[in-house]
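Please read the structure below before turning to the comments.
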Amino acid sequence: MTTAPSRPACHDPADFASRLTAAEDWFSAAIGAQQDGEWVLTETERRVLDDLVAATNPLHGGTLPPHTGDSLHVRVGRIRNWAGALRLAARAGGWELSPVTGTDPRALDRPAGIADLLSGIYALAEQGDRWQELLLGTARMMNAAAPCDPLRDRTLEQAINDLHPRFGADLAAAEGFFTGPGSLDDLPQFFY
């Protein structure tokens, strides 16, 4: 007797939307605090931001998002790289990443700073870790499917889109936040 493969981790569009909103809001708050002179970057903060951008170079060849010509593994991997690099940046600077999803940065009783900026970006970058689990779980489910199961004839991207119809649009939105003009690719340019 065989058992049906368990369904992989799911993609929750509402959770993604709140993560994207948090990333945009906290990023804007940090830029605003810096541009208003409320937050003056230290030399360490400036070097960390420069290193963060260097470590997460998307190597997309200058194409604009969505990067549909690349495999899902590469696309998700680019976002996941931000999560790892942000964790390292926070450790290197002695800053703590805080959960900011669902929190309005205007509620701060102080100017936004580097820990807030990194936490805001991390809110979305962490989605890459979740998507990696989704890719691996879906691949396992496809491999475990019976030979006559139509799932075996699908590509990984097709199977994920069948299971989670908003996944492609949400991945493209995340790519837009992290890569391309006016995105985190330009992070050092936002700070004087």
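Tabulated values for the structure
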quantity: Karplus-derived 3J(HN,Hα), 6.51/-1.76/1.60, for each residue of segment 29-34, Hz, glycine and proline x; calculated: 4, 5, 4, x, 4, 5
quantity: Fraction of accessible area attributable to carbon and sulfur, the chain (%, probe 1.4 Å); calculated: 52
quantity: Counted charge near S71, where neighbours are those whose Cβ lies closer than 14 Å (Asp, Glu -1; Lys, Arg +1); calculated: 0
quantity: Whole-number percent relative contact order across the chain, with pairs defined as alpha carbons under 8 Å at least 6 apart; calculated: 39
quantity: Label-point separation, C10 to A54 (7 Å along Cα→Cβ), nm; calculated: 4.3
quantity: Residue of T21, T101, T68 that the Gaussian network model of the chain assigns the largest fluctuation, springs spanning Cα pairs under 10 Å; calculated: T68
quantity: Unit charges on C-beta of K, R, D, E only; dipole of the chain, Debye; calculated: 600
quantity: Relative contact order of segment 73-179, pairs being alpha-carbon contacts under 8 Å that are 6 or more residues apart, as %; calculated: 32
quantity: Inter-label distance for L88 and T155, nm, one decimal - labels placed 7 Å from Cα along Cα-to-Cβ; calculated: 3.1
quantity: Net length gained if the chain between N143 and R106 were fully extended (0.36 nm per residue, minus Cα distance); calculated: 8.6 nm
quantity: Per residue solvent-accessible surface (Å²) - the chain, probe of 1.4 Å; calculated: 52
quantity: Karplus-derived HN-Hα couplings along segment 54-59 (A = 6.51, B = -1.76, C = 1.60, θ = phi - 60°), whole Hz, x at Gly and Pro; calculated: 5, 6, 10, 3, x, 6
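The values are calculated or read from the model by the stated rules, or taken from the named source; none is laboratory data. Keep in mind it's a predicted model, so treat the numbers as computed, not measured. Positions of Cβ are generated from backbone atoms using ideal geometry, with glycine treated the same way; all protein chains shown enter the neighbour counts. Areas reflect the complete protein model, heavy atoms only, side chains present, ligands, DNA and RNA absent. Shrake-Rupley method; radii C 1.70, N 1.55, O 1.52, S 1.80 Å.
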